[in-house]
Amino acid sequence: MASNGEQNQTSEAGRHQEVGHKSLLQSDALYQYILETSVYPREHEAMKELRELTAKHPWNIMTTSADEGQFLNMLLKLINAKNTMEIGVYTGYSLLATALALPKDGKVPRPRILYKENYELGLPVIKKAGVDHKITFKEGPALPVLDELVKDEKNHGSYDFIFVDADKDNYLNYHKRLIDLVKVGGVIGYDNTLWNGSVVAPADAPMRKYVRYYRDFVLELNKALAVDPRIEICMLPVGDGITLCRRIS
Ligand code: SAH
Ligand code: CA
């Protein structure tokens, strides 16, 4: 969100003035540059197919951006993640980005994926990419599923990486449970923590209804994560903002 005169210089007048625009960079041109130089030329063909398929879906605003998909894929490889979980699947773009990064080995514990709404769009592509065997679904709202997982001590400290990208008004409820499930040294990634730039918008700024509704929850989450002594954090302006939390105790 440009706070100086810069916003008037962008050729796509308006896009960066509205709170609720996805790119947090100073111009759309800069974001396009990243996509065209580093992301699209290296994007896995299945990722491209799913991205294009999802673009035609009415709720496509929810999908993970291609640059963030590339980031998640790289991150999982860097931390050598094996057991992962995702909350908030939609058509499965971030799921595919992470599944492609997991080791092929069949003996590896599978990620648990919750709530498969709209996933039927992505499943054929994920099957074609040959990574569907790395995915296990647990259907339904995430909270009761997490409560079940937490009940079993065996699950405690068993996840290397957990990506949270669902209902923002529940993130703090998820955090209470996920902190037990992620291993010490493992990572929880909370997505959309810059919430379309609205976290710094004045209360009377024009905002879409859903942006305004979830904004307070995101602000509350960000405050809580910043003072949580059990984690180290790093908030990255990738996509719509992702806060990485590394469990330290
Ligand atoms: N990561 C996805 C985008 C997720 S969009 C991608 O890369 O495309 C948010 C998703 O969270 C939606 O599919 C929605 O159905 C799901 N969701 C919303 N509330 C939920 C809940 N209580 N439990 C689990 N999933 C939920
Ligand atoms: Ca998201």
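Bear in mind that the values in this text are calculations on the coordinates, not laboratory data. Please read these numbers as outputs of a predicted model, since none were measured by experiment. Cβ coordinates were reconstructed from backbone atoms using ideal geometry, including for glycine residues, and neighbour counts include every protein chain displayed.
Of all positions in segment 181-198, none carries a residue that is over 20 Å from the mean Cα position of the chain (by Cα) and part of a helix (DSSP H, G or I).
The condition of being basic (Lys, Arg), closer than 28 Å to residue 91 by Cα and surrounded by fewer than 22 Cβ atoms within 10 Å (Cβ to Cβ) holds for only one of 176, 168, that being 176. Just so you know, in segment 53-74 the residues that are within 14 Å of ligand 1 (Cβ to nearest atom) and among the aliphatic types (A, V, I, L, M) include one that is surrounded by the most Cβ atoms within 10 Å (Cβ to Cβ), and it is 72. Scan segment 46-70 for residues that are more than 18 Å from residue 195 (Cα to Cα) and touching a residue at least 12 places away in the same chain (Cβ under 8 Å) and the total you get is 9. Residues considered: 221, 225. Of these, the only one that is within 29 Å of residue 102 (Cα to Cα) and in contact with a Phe, Trp or Tyr (Cβ under 6 Å, 6 or more places away or on another chain) is 221.
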